[in-house]
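Enquirer: Questions regarding the structure given below will be posed in turn.
What follows draws every value from the coordinates through simple rules; no lab data is involved. The shown structure was predicted, so the numbers you read here are calculated from the model rather than taken from an experiment. As a convention, Cβ positions derive from the backbone with ideal geometry for all residues, glycine included, and neighbour counts pool all protein chains shown.
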Amino acid sequence: MAYKIVFRTSASKAFLALDPAVRKRVGKVIDRLAESPRSAQAVMLAAMDMTIWRVRAGAWRILYEIDDDRLVVLVLDVGHRSDVYRKRR
């Protein structure tokens, strides 16, 4: 059963602001989350106060939450590895 991908407004803006080549690469990873949000590449972030998952797309990171009851993957943020975690604090 496929999950629905939903973007937080700020994550959507960050995704659309990416360079087109990077956006295509990150978009492919986000599309794969619909089929398998807990894939082998996904990591649960332990230092966060909520259950947030992270998946890599090269030097870019996608932070998201999973709602199994509604089959929704909520994309919280998309950003470069050097600063995407700083925004979450």
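Enquirer: I want to make sure I understand the PRE zone here: with the label point 7 angstrom from the Cα of Arg32 toward its beta carbon, which residues in the range 1-18 have backbone N atoms less than 16 Å away?
Expert: 3
Enquirer: Using the beta-carbon distance between Asp19 and Leu45 and R0 = 25 Å, what value does 1/(1 + (r/R0)^6) give for FRET efficiency, to the nearest 0.05?
Expert: 0.50
Enquirer: For the range 24-40, take each phi angle, set θ = phi - 60°, evaluate the Karplus expression 6.51 cos²θ - 1.76 cosθ + 1.60, and give the result in whole Hz per residue in order, putting x for glycine and proline.
Expert: 5, 5, 5, x, 5, 5, 5, 4, 5, 5, 5, 8, 8, x, 10, 5, 5
Enquirer: Now a separate question. Local charge sum around Ala40 (other residues, Cβ-Cβ under 15 Å, Lys/Arg +1, Asp/Glu -1)?
Expert: Neighbour charge sum, excluding Ala40 itself: +3.
Enquirer: Add +1 for every Lys or Arg and -1 for every Asp or Glu among the other residues with Cβ under 12 Å from the Cβ of Leu71, and state the total.
Expert: -2
Enquirer: Let me ask you something else. Relative contact order, percent, of the chain when contacts are C-alpha pairs under 8 Å separated by at least 6 residues?
Expert: Working: 130 pairs, mean separation 29.7, N = 89.
Relative contact order of the chain: 33 percent.
Enquirer: Quickly estimate the mean residue ellipticity at 222 nm for the chain, helices only: each DSSP H run with n ≥ 4 gives -39500 (n - 2.57), and the total goes over all residues, rounded to 500.
Expert: Per the formula, -8500 deg cm²/dmol.
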